[in-house]
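The values are calculated or read from the model by the stated rules, or taken from the named source; none is laboratory data. Keep in mind that what you see is a predicted model, and the values were worked out from it rather than measured. For neighbour counting, all protein chains shown are included, and Cβ atoms are generated from backbone atoms with ideal geometry for every residue, glycine included. Ligands, DNA and RNA are stripped out before the accessible areas are found, and what is left, the full protein with its side chains, is counted by its heavy atoms. Shrake-Rupley method; radii C 1.70, N 1.55, O 1.52, S 1.80 Å.
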Amino acid sequence: MNSKVKLDDLNVHFGGTHAVKGVNIDFPANSVTAIIGPSGCGKSTVLRAVNRMHDMTPGAQVTGRILLDDTDIYGRGVDPVAIRRKIGMVFQKPNPFPAMSIYDNVIAGYKLNGRMRRDEADEIVESSLQRVALWDEVKDRLKSNAMELSGGQQQRLCIARTIAVRPEVILMDEPASALDPISTMKIEELIEELKERYTIIIVTHNMQQAARVSDVTAFFYLGELIECGVTKKIFTTPDRKQTEDYITGRFG
Amino acid sequence: MSDVTASHRWKIEKGLSGDFIFKAVTVLFAFSILVILMLMLYEMVSQSLPSLRKFGGHFMTGMDWDAVQEQFGALPFIYGSVISSVLALLLATPLAVGTALFITEIAPRRLGGFAASLVELLAAIPSVIYGLWGILIMTPWLQQTAQPLLQKYLGFLPFFQGPAYGVSMLAGVLILMIMVVPIITSITKEVLLAVPRSQREAAIALGATRWEMIRMAVLPYGKSGILGAVILGLGRAIGETMAVTMVIGNNPKISLSLFSPAYTMPSVIANEFAEASSPLHSAALMNIGLLLLVITLIINALARLLLWSMSRGAARGAKL
Ligand SMILES: Nc1ncnc2c1ncn2[C@@H]1O[C@H](COP(=O)(O)OP(=O)(O)OP(=O)(O)O)[C@@H](O)[C@H]1O
Ligand SMILES: [Mg+2]
């Protein structure tokens, strides 16, 4: 498998905190990579480095290279806005825009491309909602407020909003941690579907979820990448003792 | 053991707990506000009675204000107050929202903090100081520079015609604008700061630029709060007395031109009450006060209605 995103000696500092320490990973194209590790080990920080979200945080400093295909997204002259349109992100807590309808939420990001025809927008909205399996549930009330949806529906709406922009990579930071088991299952099925078209990187605290949805798993501890490999291997015969302790729940 | 339980029960039944006292005191305070408002209304109505009896509804439509002939009509004052406040708000709102956006979204943190404290400072300056500045600096500048320029380039509009005295409706509008900008700015700033990070990040992650993020996530989320800020500014503008009295010219005339002097409701009360020439004159001034109170209450009610209808959407957002 060829890699879609490649971290090359990635370091992130927040003031005096060295949150991510010299990380190298290849994220293969059209696959799901899970990032696991105890709380505070830097999973979110790595993920947010990949779409330059740290640009918004005063005091955050990112060094090293992150290659998307062959461009260094931190390279000189690279526009972070253009990068974020190729690398979408889904957050832990569903965050639809509360002042907008379901329809407007889905089209919000795509609209930034500029003027579009009405039927073009309709089509984007329908296909995005179809893809997240939300269309049948909301097709009769596209104009109602997005906050009327349940938490799980809102999260699928946020995923629809992200894929409507047609990114190449989707980052997900514990996308199902605020959801009930049924919604979680739907999101997991969705991830399985999405990987045909997208490269997905997902942070999760749920070992079973990582084992179920991912092809590759990366284990982090205290800001360092301890081990990264094919999911089946990581969960059955990891190379490192720390990894084994963590996935079997024997972590000190 | 049973003693303890008994005394406990007694306390609950007699309701002498701290909670009860606290509740009683707060209810009393809350109620007293209503009582004070009612007393004020009653007092104003009874003091206005001579005027209400003599002029009735014509008081609000009458154009004359003549203490010698005992002819009193309040329309020029209503016009002066409403127009000066509304125009001031129209000018102040974009300025204030822009300033608040600069402070919260654009300026580096230090500069933003400095600008914010400057704004709070401006909000704390007594209005008579604004009035002095208005008389000594703004009106001469209007008379010598701004008004001739406006007349030259926009003089074809009825709003910029007539002789330039300096003191004018225009001066009143400008001084009010300067006075309400800090209030609207500082409230809007708080509203913008309360927009959750998750909303901003949602927009940024979709590939929005900073300005697109503001338009997509920040302003819609804060719009009812910003509206509240504007309404508070309007309340302040319509009740403002001192500074406006000093620059608006105090001439009860209705004119389309912003260059002509005007008069506001608070100004006429402040200017004439001490030397009211007759009981009817005082009653007429009281009547203007009553109108001002009613207008203020109506503005507040409208604002509440608007906020309520807008926040129904946002409340669903907050519930999450
Ligand atoms: N904005 C920030 N400012 C300062 N320190 C930060 C910031 N964000 C993260 N950190 C620090 O970086 C380290 C890694 O945080 P991160 O959020 O990446 O952990 P995580 O692995 O995602 O944890 P969790 O599983 O709890 O979400 C922590 O020590 C945290 O305190
Ligand atoms: Mg995290």
All positions within the range B:185-207 that are within 14 Å of chain A (Cβ to nearest Cβ) and under 20 Å from the mean Cα position of the chain (by Cα):
B:191
Answer yes or no: is there a residue in the range A:176-194 that is within 16 Å of ligand 1 (Cβ to nearest atom), within 24 Å of residue A:104 (Cβ to Cβ) and modelled with pLDDT of 90 or more.
no
Within the group A:49, A:82, which residue is closer than 18 Å to residue A:26 by Cβ and either among the hydrophobic types (A, V, I, L, M, F, W, C) or within 16 Å of ligand 2 (Cβ to nearest atom) (or both)?
A:49
On the basis of being open to solvent by 10 Å² or more (accessible area, probe 1.4 Å), more than 9 Å from chain B (Cβ to nearest Cβ), closer than 21 Å to residue A:5 by Cα and more than 14 Å from the chain's Cα centre (by Cα), does residue A:193 make the cut?
yes
Taking into account only those residues within the range A:5-29 that are within 16 Å of ligand 2 (Cβ to nearest atom) and open to solvent by 50 Å² or more (accessible area, probe 1.4 Å), which is nearest to the chain's Cα centre (by Cα)?
A:14
Name every residue in the range A:96-113 that is within 8 Å of chain B (Cβ to nearest Cβ) and within 22 Å of residue A:168 (Cβ to Cβ), in order of residue number.
A:108, A:109, A:112
Got a sec? Which of A:246, A:221 is under 11 Å from residue A:37 (Cβ atoms), surrounded by 16 or more Cβ atoms within 10 Å (Cβ to Cβ) and out of contact with any strand residue (DSSP E or B) (no Cβ under 7 Å at 6 or more places or on another chain)?
A:221
Residue identified as away from every other protein chain (no Cβ under 11 Å) and either in contact (Cβ under 8 Å) with a residue 40 or more places away in the chain or under 28 Å from residue A:4 (Cα atoms) (or both) among A:133, A:164
A:133
Report whether or not residue B:102 is of a type in the set (Phe, Trp, Tyr) and open to solvent by less than 50 Å² (accessible area, probe 1.4 Å).
no
Do we find a residue being within 16 Å of ligand 1 (Cβ to nearest atom), surrounded by fewer than 13 Cβ atoms within 10 Å (Cβ to Cβ) and within 14 Å of chain B (Cβ to nearest Cβ) anywhere in the range A:59-72?
yes
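Condition check ((1) loosely packed, with under 12 Cβ neighbours inside 10 Å; (2) polar (S, T, N, Q)) across all residues:
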| residue | (1), (2) |
| --- | --- |
| B:271 | no, yes |
| B:275 | yes, no |
| B:278 | no, yes |
| B:282 | no, yes |
| B:286 | no, no |
| B:291 | no, no |
| B:299 | no, no |
| B:309 | yes, yes |
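Could you list, in sequence order, all residues of the range A:30-44 that are open to solvent by less than 20 Å² (accessible area, probe 1.4 Å) and either within 9 Å of ligand 1 (Cβ to nearest atom) or touching a Phe, Trp or Tyr at 6+ places or on another chain (Cβ under 7 Å) (or both)? Write out each step before concluding.
Of all residues in the range A:30-44, those open to solvent by less than 20 Å² (accessible area, probe 1.4 Å) come to A:31-37, A:41-43.
Within the range A:30-44, A:33, A:35, A:36, A:37, A:41, A:42, A:43 qualify.
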Any chance the range A:168-182 includes a residue that's in contact with a Phe, Trp or Tyr (Cβ under 9 Å, 6 or more places away or on another chain), open to solvent by 10 Å² or more (accessible area, probe 1.4 Å) and more than 25 Å from residue A:208 (Cα to Cα)?
yes
Looking at residue B:99, is it assigned to a helix (DSSP H, G or I) and in contact (Cβ under 8 Å) with a residue 24 or more places away in the chain?
yes
Please state which one of B:92, B:123, B:115 is in contact with a Pro (Cβ under 6 Å, 6 or more places away or on another chain), part of a helix (DSSP H, G or I) and farther than 30 Å from residue B:51 by Cα.
B:123
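Look at residue A:138 and say whether it is modelled with pLDDT of 90 or more, within 11 Å of chain B (Cβ to nearest Cβ) and either under 23 Å from residue B:211 (Cα atoms) or surrounded by 16 or more Cβ atoms within 10 Å (Cβ to Cβ) (or both).
Answer is no for this residue.
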Would you confirm, using the coordinates I've provided, whether residue A:188 is within 14 Å of another protein chain (Cβ to nearest Cβ), under 15 Å from residue A:33 (Cα atoms), more than 16 Å from ligand 2 (Cβ to nearest atom) and open to solvent by 10 Å² or more (accessible area, probe 1.4 Å)?
no
Is at least one residue of the range B:227-248 closer than 30 Å to residue A:91 by Cβ, within 14 Å of chain A (Cβ to nearest Cβ) and open to solvent by less than 30 Å² (accessible area, probe 1.4 Å)?
no
Condition met for residue B:210 (of a type outside the set (S, T, N, Q), within 14 Å of chain A (Cβ to nearest Cβ), out of contact with any Phe, Trp or Tyr (no Cβ under 6 Å at 6 or more places or on another chain) and open to solvent by 40 Å² or more (accessible area, probe 1.4 Å))
yes
